[in-house]
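Participant: Please see the structure below; I have some questions.
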Amino acid sequence: MKKSLLLLAAAALAAQTRAQQPVPAYQIIGRDTTCQIFVYSPGEKDGLHLAYLTDNDHWQDVGQLCASDYAEWGSEKRMHHPYVVHASDGTWRLLFGVNDYSPCFAAAYSEDLVTWRPQDYPRVAEKGVAEPVMFQMDDGTFDIYFKAKDGTRHYVQASEDFRKFTEQPGPSTIEDMAWMRDTATVGGRVQQGNQFDVPKLHLDYIRQYFAAIDRDNELSRETMRDDARRFARIGNNVEATLTVKPAQTKRISDKLLGVFFEDISYAADGGLYAELVQNRDFEYSPADRRGWTATTAWQSNREIRIATDVPLSTANPHYAVLAARDTLYNIGWDSITAAPQSAFDFSVYVRNESGLRNQLLVALVAADGTAVAKGKLKIEGQGWNRYTLPLVVDRKALKGRVRLALTPLKEGQLAVDMVSLFPRETFRGHGLRKDLAEAIAALHPKFVRFPGGCMSHGQGIDNIYHWNQTVGPWQDRTPAPNIWNYHQTRGLGFYEYFQFCEDIGAEPLPVLAAGVPCQNSRCNADGYGGQQGGIPMDQMPAYCQELLNLIEWANGDPATSSWARLRAEAGHPAPFNLKYIGIGNEDIISTAFEERCEMICRAIKERYPHIKVCGTVGPFHDPSPDYVEGWKFAKAHPQLFDMVDEHYYESTGWFMHHQDYYDHYDRTGPQVYLGEWASRSTTHESALVEAMHLCALERNGDVVAMSSYAPLLCKEGHANWNPDMIYFNNDTITALTPSYETQRLWGTYCGDEYVASELAIAPELRYRLAASVVRNTATGKTYLKLVNALPSQLTLTVDGLSIPAGAPVEGFHGQVTDRRVRVERTAAEGPRLVLPPYAVRVIEL
Ligand code: AHR
């Protein structure tokens, strides 16, 4: 519908438009079937709006067509002086200024005025581009003029497809007339903008589009908290029939549910990575967080001396220097908890600066000064040496908070770095926190995506995650600021991620940058924000090679590959058998992105054709510009993309009303990895709608290959994002959310074959029920999953599937506002199933 209207409108207009000279693009068509529209921006944060002239001759605003996507949220994303041209091919072109200090302006393209191609930010020599205007030439290209801060005028030539922008050297002599705009009074305010005549058909299409979005928003506002009113008349029990059609089956993905791990909200350092010493590398700095320094989380009875002259490793230049009777304390991640008999493993690198024999007293010290565990290290020789010490807490000690204390006992200077304390017991002995790793393993994830999220593409080009900087000895890993405003030691690096996947039987799914940083990056030193133009093209071959090296590191033979040898030296001679790689994370699908992404994926597919490559389609679902352009890009390159990564965080109402989201997806194109999704609450209501969505994902498991709820972990007091699946503090898991239980049920009871079924119930109640039948062809087990998101009990008759009395049933129910759910294991009583209000059930057959 949208496309055909668009084509009609474009064809009609293409016939009426022509090449333009340096005068504003405004033509009078003068026919009854046309109407006047006006595009303008009511305010720099309001984006581009459209108004039309009503029969009463006043301008009526329709809504926002697009908004600035330049650089950071909050301080940036502003649109100054938008200028629109209706091109000779019927398409629309937009320019605007982004601020008065960046060396760029914004450019966008649209076929229908409604969906705009994600913006490009062409770079120019001048900082602070004001009032860009443009004119189309006879050959289809565009002449762009802008004013610089010093008042000089400049000229940029743009290709007809609006992808290449070339600034001409020197100022331009273009006259003031070029900046003429139209004016219109909208909502009582005089606005400057561009006015056009369009076929009425086109305006109707735009208005219908906005009306459809409004309707969708209205539906998405629905919440179960209003159900008493909404369903006042349905009574305490509703009846429904589920007809299962065993003859109608299809293969579905056996990797449908996995986990998304991102170092966000202290998920890695201070979280899953069991290291108890904070800032063990003395590398904290204001780049991580304002106010942080090399001594953050350290305390001492004297001023702490930090040096860099003889570093343990150039990757970690800072270390502390202790003199006799100095005591250096580490406070851990807000604290370190020790209980009687608990065992820890301490390690440290020490350089004995004076060369004299020395001793280092290592202790865990309670608040009252009592050492609850202690030991001494003999420090001998010169140069950096690693020392280890087991510490066991005194059986008479009380459970409580302790600090780690280091005290040199003799005269002389001791340089210390990589000060580390691990609990003796970690998950499979591999350095991960046991309770958290076990909770993740209990989800039975078929894959683990890492290391993020935004963390993968980073805060600006210099913060892009380079996997090769996260393997090898700790001291040779390069620490980095985390885009979520803290520090990454990289103790949890690619080796540990791969090992964790192996430990829990999940496929590794590394997701790395597509040669561009996060589109929301702040401006760099040069004042260039957002994707910052991407990694310069001349450095892209090296970046592609870096990603090829990852595949070699993970899968290569140590006998022939130096990268594989690194893996073997770290303790894993056998290949990790990497099968998937993600390129890009919800990037703006700009020209800079597309060029780089294609280059990377081509390099991977040429060298490793069997590796499944997953692209990205931006941060929102249909009809967001990145989604539209991302899918277009992926479908244009089916040989490069096996899947694309979709993301959406939505209201519970959105999920209720979009259970058919994937039902009509093209089965011939790349598949879907729903890499980040969640509904926006930590309550039982979310668990219910997510369970319904998982039924829909299973039904579409032939096109949706993978999915992962996000984010996974959040440390109490350090939340960058809510909701999350698992909350924890230093000592324990504080919440396995209702959403966790939904994910666990679907991860545990999964299949590789979908059995069709049909639910019969009063049509107005249908959107509050979901059912899915899957079979595991390896075990022969069938699972029936049911969701009753109604405030009434559901009595369900199941036809076509035998449900013997006694079949195991697992699930939960409760009030929609509950923040915890109690999982119940019961037995079915036969083919007539009774589900309480707001219930999730899985029946094993
Ligand atoms: O999951 C949290 C963040 O959400 C991810 O880092 C990013 O990809 C998305 O915007």
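The values are calculated or read from the model by the stated rules, or taken from the named source; none is laboratory data. This is a predicted model, so every value here is computed, not measured. As a convention, Cβ positions derive from the backbone with ideal geometry for all residues, glycine included, and neighbour counts pool all protein chains shown. The area values use the complete protein model at the heavy-atom level, side chains included, leaving out ligands, DNA and RNA. Shrake-Rupley method; radii C 1.70, N 1.55, O 1.52, S 1.80 Å.
Participant: As a check on your grasp of the helix formula, calculate [θ] at 222 nm for the chain: sum -39500 (n - 2.57) over DSSP H runs of n ≥ 4, divide by the residue count, round to the nearest 500.
Facilitator: Value at 222 nm, helices only, nearest 500: -5500 deg cm²/dmol.
Participant: Explain nothing, just the number: dipole magnitude of the chain about its Cα centre with +1 on each Lys and Arg Cβ and -1 on each Asp and Glu Cβ, in debye rounded to the nearest 20.
Facilitator: 2520 debye
Participant: Taking θ = phi - 60°, what integer Hz values does the Karplus form 6.51 cos²θ - 1.76 cosθ + 1.60 yield along the range 665-676, in sequence order, with x for Gly and Pro?
Facilitator: The phi angles translate into 5, 5, 8, 9, x, x, 7, 10, 10, 7, x, 9 Hz.
Participant: If you don't mind, there's one more thing I want to ask. Hand me the trypsin sites (Lys or Arg not before Pro) from the range 107-193 located in a DSSP loop with no more than 12 other Cβ atoms within 10 Å, in residue order please.
Facilitator: When the trypsin sites (Lys or Arg not before Pro) of the range 107-193 are filtered for loop state and at most 12 Cβ neighbours within 10 Å, K149 remain.
Participant: Same structure, new question: Residues with amide H under 5 Å of H487's amide H, sequence separation 5 or more or different chain, H placed in the peptide plane at 1.01 Å from N; which?
Facilitator: Those lying under 5 Å, H to H, from H487 are N482.
Participant: For the range 262-369, what is the convex hull volume of the alpha-carbon atoms per residue, in Å³?
Facilitator: So the per-residue hull volume is 146 Å³.
Participant: Per residue of the range 362-378, what does 6.51 cos²θ - 1.76 cosθ + 1.60 with θ = phi - 60° give for ³J(HN,Hα)? Whole Hz please, x for Gly and Pro, Karplus curve as stated.
Facilitator: Karplus-based 3J(HN,Hα) across the range 362-378 equals 10, 8, 9, 10, 6, 4, 7, x, 6, 7, 8, 7, 7, x, 10, 10, 8 Hz.
Participant: What does the highest-first list of 268-275, 218-225 look like by mean Cβ count within 10 Å?
Facilitator: Ranking, from highest mean packing down: 268-275, 218-225.
Participant: How long are the semi-axes of the ellipsoid equivalent to the chain, from square roots of 5 times the Cα gyration tensor eigenvalues, in whole Å, largest first?
Facilitator: Output for the chain: semi-axes of 49, 40, 24 Å.
Participant: Once phi is turned into ³J(HN,Hα) by the Karplus curve 6.51 cos²θ - 1.76 cosθ + 1.60 with θ = phi - 60°, what whole-Hz value does each residue of the range 234-251 show in order, with x for glycine and proline?
Facilitator: 8, x, 7, 9, 10, 9, 8, 10, 10, 9, 8, 10, x, 7, 9, 10, 8, 6
Participant: If you take the alpha carbon radius of gyration of the range 549-651 and divide it by 2.2 N^0.38 Å, what ratio comes out, to two decimals?
Facilitator: Relative to the 2.2 N^0.38 Å estimate, the range 549-651 comes out at 1.27.
Participant: Might you report the magnitude of the Cβ-based charge dipole of the range 34-210 about its Cα centre, with Lys and Arg at +1 and Asp and Glu at -1, to the nearest 20 debye?
Facilitator: Here the size comes out at about 420 debye.
Participant: Taking K and R as +1 and D and E as -1, what net charge do the other residues with C-beta under 15 Å from the C-beta of H658 add up to?
Facilitator: In short, -3.
Participant: Might you tell me the accessible area per residue for the chain, computed with a 1.4 Å probe and given in Å²?
Facilitator: On a per-residue basis, 39 Å².
Participant: Further question: Can you check what the net charge comes to around R766, using other residues whose Cβ is under 12 Å from the Cβ of R766 (Lys, Arg +1; Asp, Glu -1)?
Facilitator: Summing Lys/Arg as +1 and Asp/Glu as -1 gives -2.
Participant: When the dipole is taken about the Cα centre of the range 558-684, and only Lys, Arg (+1) and Asp, Glu (-1) are charged at their Cβ, what size is it in debye, to the nearest 20?
Facilitator: Charge dipole of the range 558-684: 700 debye, to the nearest 20.
Participant: For the range 204-274, I need the span (max minus min coordinate) of the C-alpha atoms along each principal axis, in Å, sorted largest to smallest.
Facilitator: Its Cα atoms span 53, 44, 36 Å along the three principal axes.
Participant: Measure off, as a whole percent, the carbon and sulfur share of the 1.4 Å-probe accessible area of the chain, all protein chains present.
Facilitator: Carbon and sulfur: 50 percent of the exposed surface of the chain.
Participant: Another question, if that's okay. Semi-axes of the range 298-423's equivalent ellipsoid from the Cα gyration tensor, sqrt of 5 times each eigenvalue, largest first, rounded to whole Å?
Facilitator: Semi-axes (√(5λ), whole Å): 25, 14, 14.
Participant: Mind listing the long-range amide H neighbours of N99? Cut-off is under 5 Å, sequence gap 5 or more, other chains count too, H placed in the peptide plane at 1.01 Å from N.
Facilitator: Distant-sequence amide H within range of N99: V129.
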